[in-house]
Amino acid sequence: MMIISSGPRGLLIAVVSVVAALVPFYSAHAEMSAWADNEGGRMRLVALAPDAGGKIRAALQIEPKPGWITYWKEPGGNGIPPQITIAAESGVSLDAIAYPVPKHFFKGGIEDIAYDAPVTLPLSLTGAGKGPVAIDAFAFIGICKDICIPFQANFRLKLGTAMQSHPQEEAILHAADARLPKPPSEDFDVTAYAMSPDRKTLSLDLVLPGEGKTAPDIIVTGPSGYAFTKQIGGKRDGRTFKVDISIGKLPKDYDIAGKQWSVLVIDGERAMETALAFQ
(Lines give C-alpha, C1' and ligand atoms only; values in the text may rest on other atoms or scores of the structure.)
Protein backbone atom coordinates (compact mmCIF):
# COMPACT_ATOMS: atom_id res chain seq x y z
CA MET A 1 0.00 0.00 0.00
CA MET A 2 1.29 3.43 -0.83
CA ILE A 3 1.86 5.54 2.28
CA ILE A 4 3.57 8.92 2.43
CA SER A 5 5.65 8.77 5.60
CA SER A 6 6.06 11.51 8.17
CA GLY A 7 9.84 10.97 8.15
CA PRO A 8 12.37 12.40 5.67
CA ARG A 9 10.42 11.13 2.68
CA GLY A 10 7.44 13.16 3.82
CA LEU A 11 9.34 16.14 2.41
CA LEU A 12 8.21 14.93 -0.99
CA ILE A 13 4.75 16.34 -0.38
CA ALA A 14 5.62 19.17 1.97
CA VAL A 15 7.62 21.20 -0.50
CA VAL A 16 5.70 20.58 -3.70
CA SER A 17 4.10 24.02 -3.67
CA VAL A 18 7.49 25.69 -3.27
CA VAL A 19 9.12 23.75 -6.07
CA ALA A 20 6.20 24.40 -8.40
CA ALA A 21 7.02 28.07 -8.39
CA LEU A 22 10.67 27.48 -9.24
CA VAL A 23 10.61 25.06 -12.18
CA PRO A 24 10.62 26.74 -15.62
CA PHE A 25 9.24 25.52 -18.92
CA TYR A 26 11.52 23.36 -21.04
CA SER A 27 10.62 24.08 -24.64
CA ALA A 28 11.72 22.85 -28.04
CA HIS A 29 10.66 23.27 -31.65
CA ALA A 30 11.47 19.66 -32.38
CA GLU A 31 10.63 16.18 -31.13
CA MET A 32 12.80 16.28 -28.00
CA SER A 33 12.76 18.80 -25.16
CA ALA A 34 15.74 20.13 -23.26
CA TRP A 35 16.64 18.25 -20.09
CA ALA A 36 15.13 19.47 -16.82
CA ASP A 37 17.70 19.07 -14.03
CA ASN A 38 17.32 18.26 -10.35
CA GLU A 39 19.72 17.41 -7.53
CA GLY A 40 18.88 13.72 -7.96
CA GLY A 41 18.74 13.46 -11.73
CA ARG A 42 17.16 14.80 -14.89
CA MET A 43 14.21 14.18 -17.23
CA ARG A 44 12.93 15.23 -20.65
CA LEU A 45 10.04 14.65 -23.06
CA VAL A 46 10.41 12.87 -26.40
CA ALA A 47 7.69 12.56 -29.06
CA LEU A 48 7.03 11.76 -32.69
CA ALA A 49 4.58 13.51 -35.00
CA PRO A 50 0.99 12.21 -35.08
CA ASP A 51 0.21 9.37 -37.45
CA ALA A 52 -2.72 9.48 -39.88
CA GLY A 53 -5.13 8.68 -37.05
CA GLY A 54 -3.80 11.39 -34.74
CA LYS A 55 -1.95 8.96 -32.46
CA ILE A 56 1.32 10.27 -30.99
CA ARG A 57 4.11 8.08 -29.64
CA ALA A 58 5.94 9.83 -26.84
CA ALA A 59 7.93 9.12 -23.69
CA LEU A 60 9.23 10.67 -20.49
CA GLN A 61 12.94 9.93 -20.07
CA ILE A 62 14.15 9.88 -16.46
CA GLU A 63 17.82 9.56 -15.49
CA PRO A 64 18.43 9.27 -11.73
CA LYS A 65 21.96 10.03 -10.57
CA PRO A 66 23.97 7.10 -9.09
CA GLY A 67 22.52 6.10 -5.72
CA TRP A 68 19.11 7.68 -6.43
CA ILE A 69 15.84 5.97 -7.35
CA THR A 70 12.58 7.00 -9.00
CA TYR A 71 9.29 5.17 -8.68
CA TRP A 72 7.13 2.64 -10.56
CA LYS A 73 3.37 3.14 -11.00
CA GLU A 74 2.77 1.73 -7.47
CA PRO A 75 5.81 2.76 -5.43
CA GLY A 76 5.54 0.44 -2.42
CA GLY A 77 5.73 1.68 1.15
CA ASN A 78 6.67 5.26 0.35
CA GLY A 79 6.92 7.70 -2.49
CA ILE A 80 4.51 8.59 -5.23
CA PRO A 81 4.05 7.32 -8.77
CA PRO A 82 4.98 9.47 -11.79
CA GLN A 83 2.28 11.97 -12.67
CA ILE A 84 1.97 13.37 -16.19
CA THR A 85 -0.73 15.75 -17.33
CA ILE A 86 -1.30 17.46 -20.67
CA ALA A 87 -2.84 20.94 -20.81
CA ALA A 88 -6.36 20.65 -22.21
CA GLU A 89 -5.91 23.74 -24.37
CA SER A 90 -3.09 22.03 -26.28
CA GLY A 91 -5.63 19.76 -27.96
CA VAL A 92 -3.63 16.67 -27.00
CA SER A 93 -4.88 13.97 -24.62
CA LEU A 94 -2.93 11.39 -22.63
CA ASP A 95 -4.36 7.93 -23.24
CA ALA A 96 -1.94 5.73 -21.30
CA ILE A 97 1.42 5.53 -19.52
CA ALA A 98 3.42 2.30 -19.78
CA TYR A 99 6.01 1.19 -17.23
CA PRO A 100 9.17 -0.85 -17.79
CA VAL A 101 9.94 -3.67 -15.36
CA PRO A 102 10.95 -2.22 -11.93
CA LYS A 103 13.11 -3.55 -9.10
CA HIS A 104 12.49 -4.12 -5.39
CA PHE A 105 14.53 -2.13 -2.88
CA PHE A 106 14.50 -2.73 0.89
CA LYS A 107 15.99 -0.31 3.40
CA GLY A 108 15.20 -0.01 7.08
CA GLY A 109 11.97 -1.94 6.77
CA ILE A 110 10.79 0.19 3.83
CA GLU A 111 10.00 -1.48 0.52
CA ASP A 112 10.31 0.55 -2.67
CA ILE A 113 9.24 -0.54 -6.14
CA ALA A 114 11.39 1.65 -8.30
CA TYR A 115 14.19 2.23 -10.81
CA ASP A 116 17.84 2.95 -9.96
CA ALA A 117 18.98 3.45 -13.56
CA PRO A 118 17.78 5.50 -16.55
CA VAL A 119 14.21 4.60 -17.43
CA THR A 120 11.87 5.72 -20.20
CA LEU A 121 8.09 5.70 -19.69
CA PRO A 122 6.25 5.29 -23.02
CA LEU A 123 3.24 7.60 -23.43
CA SER A 124 0.28 7.12 -25.75
CA LEU A 125 -1.18 10.47 -26.82
CA THR A 126 -3.91 11.58 -29.22
CA GLY A 127 -3.94 14.91 -31.03
CA ALA A 128 -7.14 16.68 -32.02
CA GLY A 129 -7.64 18.13 -35.48
CA LYS A 130 -5.13 18.64 -38.28
CA GLY A 131 -2.08 20.82 -38.66
CA PRO A 132 0.90 21.40 -36.33
CA VAL A 133 0.74 19.87 -32.87
CA ALA A 134 2.07 21.55 -29.73
CA ILE A 135 2.32 19.45 -26.57
CA ASP A 136 2.18 21.31 -23.26
CA ALA A 137 3.00 18.69 -20.61
CA PHE A 138 3.54 18.75 -16.84
CA ALA A 139 5.58 15.95 -15.23
CA PHE A 140 5.95 15.32 -11.50
CA ILE A 141 8.06 12.48 -10.09
CA GLY A 142 9.64 11.54 -6.79
CA ILE A 143 13.39 11.02 -6.83
CA CYS A 144 15.00 9.67 -3.68
CA LYS A 145 18.24 8.82 -1.95
CA ASP A 146 18.49 9.42 1.81
CA ILE A 147 15.64 11.90 1.41
CA CYS A 148 13.08 12.41 -1.34
CA ILE A 149 13.10 15.47 -3.55
CA PRO A 150 10.01 16.42 -5.56
CA PHE A 151 10.94 16.89 -9.18
CA GLN A 152 8.56 18.56 -11.57
CA ALA A 153 8.81 20.43 -14.82
CA ASN A 154 6.73 21.72 -17.70
CA PHE A 155 7.65 20.65 -21.23
CA ARG A 156 6.51 22.17 -24.53
CA LEU A 157 7.10 20.43 -27.84
CA LYS A 158 6.09 21.56 -31.33
CA LEU A 159 5.94 18.49 -33.51
CA GLY A 160 6.91 18.39 -37.17
CA THR A 161 5.30 16.29 -39.89
CA ALA A 162 5.14 12.50 -39.87
CA MET A 163 6.95 12.48 -43.22
CA GLN A 164 10.18 13.55 -41.54
CA SER A 165 12.59 10.94 -40.19
CA HIS A 166 13.67 11.21 -36.57
CA PRO A 167 15.97 8.23 -35.95
CA GLN A 168 17.16 9.33 -32.50
CA GLU A 169 13.64 9.73 -31.13
CA GLU A 170 12.51 6.51 -32.81
CA ALA A 171 15.43 4.61 -31.25
CA ILE A 172 14.58 5.95 -27.77
CA LEU A 173 10.94 4.90 -28.11
CA HIS A 174 11.84 1.49 -29.54
CA ALA A 175 14.24 0.80 -26.67
CA ALA A 176 11.59 1.83 -24.12
CA ASP A 177 9.01 -0.54 -25.65
CA ALA A 178 11.52 -3.41 -25.48
CA ARG A 179 11.79 -3.01 -21.68
CA LEU A 180 8.06 -3.34 -21.05
CA PRO A 181 6.69 -6.55 -19.51
CA LYS A 182 5.13 -8.84 -22.09
CA PRO A 183 1.52 -10.06 -22.19
CA PRO A 184 0.76 -13.67 -21.20
CA SER A 185 2.01 -16.45 -23.47
CA GLU A 186 1.75 -20.22 -23.59
CA ASP A 187 4.94 -20.61 -21.53
CA PHE A 188 4.39 -17.69 -19.13
CA ASP A 189 0.94 -17.10 -17.68
CA VAL A 190 -1.40 -17.14 -14.70
CA THR A 191 -3.33 -20.38 -15.08
CA ALA A 192 -5.60 -19.92 -12.04
CA TYR A 193 -6.23 -17.39 -9.28
CA ALA A 194 -8.64 -16.97 -6.38
CA MET A 195 -9.16 -14.52 -3.54
CA SER A 196 -9.79 -16.06 -0.11
CA PRO A 197 -13.23 -15.37 1.43
CA ASP A 198 -11.65 -13.16 4.10
CA ARG A 199 -9.68 -11.27 1.40
CA LYS A 200 -6.41 -11.92 3.25
CA THR A 201 -4.67 -13.97 0.56
CA LEU A 202 -4.67 -14.24 -3.21
CA SER A 203 -3.81 -17.71 -4.54
CA LEU A 204 -1.92 -17.87 -7.83
CA ASP A 205 -1.06 -20.78 -10.12
CA LEU A 206 1.61 -19.87 -12.68
CA VAL A 207 3.38 -21.44 -15.60
CA LEU A 208 6.92 -20.04 -15.82
CA PRO A 209 9.29 -19.83 -18.79
CA GLY A 210 12.28 -21.61 -17.24
CA GLU A 211 13.16 -24.65 -15.17
CA GLY A 212 14.56 -22.56 -12.32
CA LYS A 213 14.43 -23.40 -8.63
CA THR A 214 13.84 -19.96 -7.14
CA ALA A 215 10.56 -18.14 -6.68
CA PRO A 216 9.74 -15.45 -9.22
CA ASP A 217 9.24 -11.87 -8.11
CA ILE A 218 5.51 -11.10 -8.01
CA ILE A 219 3.84 -7.69 -7.67
CA VAL A 220 0.05 -7.59 -7.39
CA THR A 221 -1.59 -4.19 -7.79
CA GLY A 222 -5.14 -3.66 -6.59
CA PRO A 223 -6.94 -0.40 -5.86
CA SER A 224 -4.99 2.70 -6.82
CA GLY A 225 -2.20 3.17 -4.29
CA TYR A 226 -1.97 -0.48 -3.25
CA ALA A 227 0.68 -3.07 -4.14
CA PHE A 228 1.12 -6.53 -2.59
CA THR A 229 4.35 -8.52 -2.82
CA LYS A 230 4.64 -10.81 0.25
CA GLN A 231 4.64 -14.47 -0.80
CA ILE A 232 3.37 -17.26 1.48
CA GLY A 233 4.27 -20.91 1.00
CA GLY A 234 5.42 -20.70 -2.59
CA LYS A 235 6.23 -24.03 -4.24
CA ARG A 236 8.05 -24.30 -7.56
CA ASP A 237 8.02 -27.53 -9.51
CA GLY A 238 10.02 -26.93 -12.67
CA ARG A 239 7.92 -24.60 -14.76
CA THR A 240 4.91 -24.47 -12.44
CA PHE A 241 4.59 -22.33 -9.34
CA LYS A 242 1.83 -22.13 -6.73
CA VAL A 243 1.82 -19.38 -4.13
CA ASP A 244 -0.37 -17.24 -1.90
CA ILE A 245 0.12 -13.47 -1.90
CA SER A 246 -0.61 -11.74 1.39
CA ILE A 247 -3.22 -9.02 0.90
CA GLY A 248 -2.82 -6.18 3.35
CA LYS A 249 -5.43 -3.74 4.50
CA LEU A 250 -7.77 -2.63 1.73
CA PRO A 251 -9.87 0.55 1.62
CA LYS A 252 -12.80 0.54 4.03
CA ASP A 253 -15.91 -1.15 2.59
CA TYR A 254 -13.96 -2.08 -0.56
CA ASP A 255 -16.00 -4.46 -2.76
CA ILE A 256 -13.79 -6.55 -4.99
CA ALA A 257 -16.68 -7.85 -7.12
CA GLY A 258 -16.39 -6.55 -10.66
CA LYS A 259 -12.94 -5.07 -10.04
CA GLN A 260 -9.84 -5.71 -12.14
CA TRP A 261 -6.43 -5.99 -10.55
CA SER A 262 -3.07 -6.60 -12.20
CA VAL A 263 -0.13 -8.91 -11.58
CA LEU A 264 3.48 -8.51 -12.73
CA VAL A 265 5.64 -11.64 -12.63
CA ILE A 266 9.41 -11.43 -13.09
CA ASP A 267 11.25 -14.71 -13.66
CA GLY A 268 14.91 -14.33 -14.52
CA GLU A 269 15.28 -12.12 -17.59
CA ARG A 270 11.61 -12.28 -18.53
CA ALA A 271 8.61 -10.40 -17.18
CA MET A 272 4.88 -10.84 -17.81
CA GLU A 273 1.96 -8.63 -16.78
CA THR A 274 -1.71 -9.50 -16.96
CA ALA A 275 -5.09 -8.54 -15.53
CA LEU A 276 -6.99 -10.38 -12.80
CA ALA A 277 -10.74 -9.91 -13.09
CA PHE A 278 -12.91 -10.68 -10.06
CA GLN A 279 -16.55 -11.69 -10.38
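The values are calculated or read from the model by the stated rules, or taken from the named source; none is laboratory data. Quick caveat: nothing in here was measured; it's all calculated off a predicted structure. Cβ sites come from the backbone with ideal geometry, for glycine too, and all protein chains shown count toward neighbours.
Structure values in brief
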quantity	calculated
Set LEU94, LEU11, LEU22: member being at pLDDT below 95 and either in contact with a Cys (Cβ under 7 Å, 6 or more places away or on another chain) or within 16 Å of LEU159 (Cβ to Cβ) (or both)	LEU11
Qualifying residue in the range 258-273 (condition: more than 23 Å from the chain's Cα centre (by Cα) and of a type outside the set (A, V, I, L, M))	yes
Wholly within the range 116-198, strands (runs of 3 or more DSSP E) carrying at least 3 residues that are closer than 23 Å to ALA96 by Cα and over 19 Å from the mean Cα position of the chain (by Cα)	133-144, 148-159
Residue in the range 40-85 that is surrounded by the most Cβ atoms within 10 Å (Cβ to Cβ), counting only those that are small (Gly, Ala, Ser) and assigned to a loop (DSSP other than H, G, I, E, B)	GLY79
Top-ranked residue in the range 216-245 [being under 23 Å from the mean Cα position of the chain (by Cα) and of a type in the set (Gly, Ala, Ser); ranked as farthest from PRO81 (Cα to Cα)]	GLY222
Meets criteria (of a type in the set (Val, Ile, Thr), out of contact with any Asp or Glu (no Cβ under 8 Å at 6 or more places or on another chain) and surrounded by 12 or more Cβ atoms within 10 Å (Cβ to Cβ)) for ILE172	yes
Identity of the residue in the range 109-124, at pLDDT 95 or above and out of contact with any Phe, Trp or Tyr (no Cβ under 8 Å at 6 or more places or on another chain), that ends up surrounded by the fewest Cβ atoms within 10 Å (Cβ to Cβ)	ALA117
Answer from VAL263, VAL243 - the residue that is of a type in the set (Val, Ile, Thr), surrounded by 17 or more Cβ atoms within 10 Å (Cβ to Cβ), touching a strand residue (DSSP E or B) at 6+ places or on another chain (Cβ under 9 Å) and without any contact (Cβ under 8 Å) to a residue 60 or more places away in the chain	VAL243
Set ASP205, ASP217: member being of a type outside the set (Val, Ile, Thr), at pLDDT 95 or above, outside the structural domain of LEU45 (by TED's automatic domain parsing) and more than 16 Å from LEU276 (Cβ to Cβ)	ASP217
So PHE106, is it at pLDDT 95 or above and in the same structural domain as LEU48 (by TED's automatic domain parsing)	no
